[in-house]
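Student: I have a structure here, written as structure tokens, and I will follow up with some questions on it.
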Amino acid sequence: MNDDYERRSYGAIPVGTGEKPGIVVVDFQLGFTDPQYPLGGAPLVMRALENTAKLLTVARRHGVPVAVCNTAYLNEREMPYWKITAVRETFLHSHPSTKLDPRIYEPAYDLQVTKKGPSIFFETGVANYFAKERVDTVIVTGCNTSGCIRGTALDSFSLRYRTLVPEDCVGDIEEQPHRDNLRDIGRRYVDVVDLAYCTDYLESWARRNNR
């Protein structure tokens, strides 16, 4: 960050890691991962899906709490005032696009919630689950970076979690909003890292705790 933000001390202090990690997986539902649907199959999202699946394999092996979510509504009347036609028309409980992608979802292990707003923490019970599990460090994965990832990261920060966002485990429709939003939240709220960093963190945490 060789810019005026850096000169004014933005991003000067790393968030770091705490005593116990947890992972949130935001909106890797078929509507975003299957190209047959209007919002599905963006290359950055698919890259993030593949990398998140790798991270989750390590996390589950070591007993790290995982919470996954989709976005779905009963009908348009229940929805917030979305400006996205595809959301209004397909993000319905009755629509197959709201099913979680099986590459990232393990029903016997993961806490699964359905969210109604951008953040996985908004009125879902995920924070309560993490409190019971004594999680203090949250790794945010999923899509889209400029929307629900940003919203989740801000809530994670506001809930006083140390927050890590691995760049290659989140994705968006276009690369520029992806980069711009990561740069912005990295200046203020989170450590922007990568899959290798998070994998090493989980492995070292497991060794310390005999997991």
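Student: Counting only residues that are among the small types (Gly, Ala, Ser) and open to solvent by 20 Å² or more (accessible area, probe 1.4 Å), which one in the range 119-134 is farthest from Leu159 (Cα to Cα)?
Tutor: Gly125
Student: Find the strands (runs of 3 or more DSSP E) located wholly in the range 135-193 whose residues include 1 or more that are open to solvent by less than 30 Å² (accessible area, probe 1.4 Å) and on the phi > 0 side of the Ramachandran plot, and list them.
Tutor: Per the criteria, 137-143.
Conditions tested, residue by residue: (1) within 14 Å of Thr17 (Cα to Cα); (2) modelled with pLDDT under 95; (3) out of contact with any Cys (no Cβ under 7 Å at 6 or more places or on another chain); (4) not small (Gly, Ala, Ser).
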residue: Cys148; (1), (2), (3), (4): no, no, yes, yes
residue: Ala153; (1), (2), (3), (4): no, no, yes, no
residue: Val165; (1), (2), (3), (4): yes, no, yes, yes
residue: Val170; (1), (2), (3), (4): no, no, no, yes
residue: Gln176; (1), (2), (3), (4): no, no, yes, yes
residue: Gly186; (1), (2), (3), (4): no, no, yes, no
residue: Val193; (1), (2), (3), (4): yes, no, yes, yes
residue: Asn210; (1), (2), (3), (4): no, yes, yes, yes
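Student: Which of the residues spanning the range 1-16 are over 23 Å from the mean Cα position of the chain (by Cα), in a loop (DSSP other than H, G, I, E, B) and surrounded by fewer than 12 Cβ atoms within 10 Å (Cβ to Cβ)?
Tutor: Those that are over 23 Å from the mean Cα position of the chain (by Cα), in a loop (DSSP other than H, G, I, E, B) and surrounded by fewer than 12 Cβ atoms within 10 Å (Cβ to Cβ): Asn2, Asp3, Arg8, Ser9, Ala12.
Student: Let me ask something else. Any idea which of Leu154, Leu159, Leu195 is in contact with a Ser or Thr (Cβ under 9 Å, 6 or more places away or on another chain) and over 22 Å from His62 (Cα atoms)?
Tutor: Leu154
Student: OK, next. From the list Asp184, Asp136, Asp172, which one is under 24 Å from His62 (Cα atoms) and of a type outside the set (Val, Ile, Thr)?
Tutor: Of Asp184, Asp136, Asp172, the one residue that is under 24 Å from His62 (Cα atoms) and of a type outside the set (Val, Ile, Thr) is Asp136.
Student: Continuing with the same structure: Take the range 28-69 and flag every residue that is under 28 Å from Trp205 (Cα atoms) and of a type in the set (S, T, N, Q).
Tutor: Of everything in the range 28-69, those that are under 28 Å from Trp205 (Cα atoms) and of a type in the set (S, T, N, Q) turn out to be Asn51, Thr52, Thr57.
Student: Additional query: Being free of Cβ contacts under 8 Å to residues at least 12 places away in the same chain and under 21 Å from Val45 (Cα atoms): is that true of Arg179 here?
Tutor: Judged against the criteria, Arg179 is a match.
Student: Looking at the range 114-134 only, could you name the residues that are assigned to a helix (DSSP H, G or I) and in contact with a Phe, Trp or Tyr (Cβ under 8 Å, 6 or more places away or on another chain)?
Tutor: Once the filter is applied, which keeps residues that are assigned to a helix (DSSP H, G or I) and in contact with a Phe, Trp or Tyr (Cβ under 8 Å, 6 or more places away or on another chain), the range 114-134 yields Ala127, Phe130.
The values are calculated or read from the model by the stated rules, or taken from the named source; none is laboratory data. Nothing here was measured: the structure is a model prediction, and the numbers come from that model. Reconstructed Cβ throughout: ideal geometry from the backbone, glycine too, with neighbour counts over all protein chains shown. The protein model used for the area step is the full one, side chains on, heavy atoms only, and it has no ligands, DNA or RNA in it. Shrake-Rupley method; radii C 1.70, N 1.55, O 1.52, S 1.80 Å.
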